[in-house]
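Undergrad: Have a look at this one.
The values are calculated or read from the model by the stated rules, or taken from the named source; none is laboratory data. What you see is a predicted model, and the numbers here were worked out from it, not measured in a lab. Heads up, the Cβs are rebuilt from the backbone with ideal geometry, glycines too, and the neighbour counts pull from every protein chain shown.
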Amino acid sequence: MSYDLGKEVKEAIDAGSAALLSLRKAQEELGHARNWGIVDMLGGGFLTDIFKHSKINTAQNCIINARHYLNQFQIELRDVAAYPQVDIEIGDFLTFADFFFDGIIADYMVQQKIADARRQVDEAIDRVEQILYQLNTITI
């Protein structure tokens, strides 16, 4: 079986693109959750809580999907690792956005958790975009 760099790069790009889509969706949902959290802090009621936690749950699902795709991306990047132009150090952000809201009562604390998760998702997006850029510059 021969090594086909073009095929390996395409597989890595596809996996990275899927991860990026999930990360961007998580980023969007965390933004909505943050907005509902602000409304909640300004006197929102029961419905505001429902909307906020719905967005948080959707963001958590997106993050779960992103982790799956990031793991796949990392596997595919190993196949391209022999090519010196690709800088592969993504392991640290595979554990991003471990946030749990059970038992948290204070709205402010929820806002902080949302902000922390959002920052981590933003960092992951930046890193995936950098790696995808590097992959797209490989001449085959």
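Undergrad: Enumerate the pairs (first residue in the stretch 68-84 and closer than 14 Å to Ser22 by Cβ; second residue anywhere and at pLDDT below 85 and assigned to a helix (DSSP H, G or I)) with beta-carbon separation below 9 Å, excluding pairs fewer than 6 apart on the same chain, so at least 6 apart or on different chains.
TA: Correct list of pairs: Leu70/Phe93; Leu70/Leu94; Asn71/Leu94.
Undergrad: Is it fair to say Ser22 is part of a helix (DSSP H, G or I), touching a Cys at 6+ places or on another chain (Cβ under 6 Å) and either closer than 14 Å to Ala115 by Cβ or not β-branched (Val, Ile, Thr) (or both)? Walk me through it before giving the result.
TA: Numbers: part of a helix (DSSP H, G or I): yes; touching a Cys at 6+ places or on another chain (Cβ under 6 Å): yes; either closer than 14 Å to Ala115 by Cβ or not β-branched (Val, Ile, Thr) (or both): yes.
In short, yes.
Undergrad: Taking the options Tyr69, Tyr3, name whichever one is modelled with pLDDT under 85, out of contact with any strand residue (DSSP E or B) (no Cβ under 8 Å at 6 or more places or on another chain) and of a type in the set (Phe, Trp, Tyr). First the steps, then the outcome.
TA: Working: Tyr69 fails: modelled with pLDDT under 85.
On inspection, the qualifying residue turns out to be Tyr3.
Undergrad: Could you look through the stretch 92-140, keep only residues that are more than 14 Å from Cys62 (Cα to Cα) and of a type in the set (Gly, Ala, Ser), and pick out the one that is modelled with the lowest pLDDT?
TA: Looking at residues that are more than 14 Å from Cys62 (Cα to Cα) and of a type in the set (Gly, Ala, Ser), I get Gly103.
Undergrad: What pairs come up if the first residue lies in the stretch 27-47 and is more than 18 Å from Ile64 (Cα to Cα) and in contact (Cβ under 8 Å) with a residue 24 or more places away in the chain, the second is of a type in the set (S, T, N, Q) and exposed (fewer than 15 other Cβ atoms within 10 Å of the Cβ), and their beta carbons are under 6 Å apart, counting only those six or more places apart or on different chains?
TA: Every condition considered, no pair remains.
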